[in-house]
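Scroll down for the structure; my scribbles are underneath it.
The values are calculated or read from the model by the stated rules, or taken from the named source; none is laboratory data. Since we're looking at a predicted model, the values are computed, not measured. Cβ placement follows ideal geometry from the backbone for every residue including glycine, while neighbour counts extend to all protein chains displayed. What goes into the accessible areas is simple: the full protein's heavy atoms, side chains included, and nothing from ligands, DNA or RNA. Shrake-Rupley method; radii C 1.70, N 1.55, O 1.52, S 1.80 Å.
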Amino acid sequence: MRYAVLVTGPAGAGKSTFSKSFITHLAASKRTGHLVNLDPAADPSSFEYEPTIDIRDLISLEDVMTELEYGPNGGMVYCFEYLLQNMDWLEEELGGYEDDYLIIDCPGQIELYTHHPFIPTLVQHLTRMDIRVCATYLIESQFMEDKYKFFSGVLSAMSAMVNLEIPWINIMSKMDLVTANPDDPSGGARNGLRKKKDVASLASRLFSALWRFAFQRHSSPHSSYLDPDPLLIATTRGDKSNDSNPRFHALNQAIVQLIEDHPLVSFLPLDLTDTDSLEYVVSHIDYTMQYGENEEPKEPHDLDEGDFQDLE
């Protein structure tokens, strides 16, 4: 049985970094993982591990933009249309991997997951090849800085989940960027969050609570970010203490109702500086795909040749 993990999410969410750390973790666990690059615009120097399968061997965004004079978005759509027309290439490339983890690093254009049929069609092909597939959707922790930005991420995750219709895990990445460091006067937050001490404190207490109570996420007073609470954006007409534009009252109420009616989205926190955090996420991926449940015990190589040869 083969397993494939689609690493999806908006640009800058940390997909490639997560894929690299995922492979490193599998290697440390004596499991085999292979990186599959499905981003035709990827920079070759950005990969710490050389992709085993690379869509740029078939088509690259740079070639499409140069030869067809397409823009970046149109070129990306063309690349995936070309891939679907040449699925025999991908099937041939995937044919030699058995009982392995395929970590598929996807592009950052979220419309590929939410509006176009390319990724769902790809998933159908993988399923027909007897590959168990699940997807991870990453958004970065800095989305918590702005509740409206945060819920735009929640809605995009929900849209992608509904569009792909496969086992799904949402991940709040870069938790180290909002986790306070007591040795740092700024609290340890970076990338524009130094002055947002309340956010750093929120994430720090939340992150600590998660590891103390494991799955009891509701024990944290700030679990509304990992299990999104739609009341974060609820508004009341005439409430002068609310900083939102009253013209968006009806829209906010509609979003609240949508999330309440379809509570599909929750997030796992990911801090790649903490091995326990990565193990926590990987264990969820294994469980989602039922990793190893149908595998037969393997005889160690040393029983056939090597140190145990004289015992036969």
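Summary of computed values
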item	result
Built amide H within the under 5 Å cut-off of ALA135, gap 5+	LEU6, TRP168, ILE169
FRET efficiency, SER29 to ARG247 (Cβ-Cβ, R0 41 Å, nearest 0.05)	0.20
ARG132 accessible area, assembled protein chains, probe 1.4 Å, Å²	50
Paramagnetic reach from ASN86 (point 7 Å along Cα→Cβ, amide N under 19 Å) across the stretch 122-159	122-123, 125-126
For the stretch 57-69, Karplus couplings with θ = phi - 60° (6.51, -1.76, 1.60), whole Hz, Gly/Pro x	6, 9, 7, 10, 5, 4, 5, 5, 5, 6, 7, 9, 6
Solvent-accessible surface (1.4 angstrom probe) belonging to ASP176, in square angstrom, nearest 10	40
For the stretch 1-131, share of DSSP beta bridges that run antiparallel, in % to the nearest 5	0
Accessible area of SER152 in the full protein assembly, 1.4 Å probe (Å², nearest 10)	60
For PRO167, net neighbour charge (Lys/Arg +1, Asp/Glu -1) across residues whose Cβ lies under 13 Å away	-1
Computed Rg/Rh of the stretch 95-170, alpha carbon atoms with Kirkwood Rh	1.03
Accessible surface, 1.4 Å probe, highest first, among residues MET87, MET129	MET129, MET87
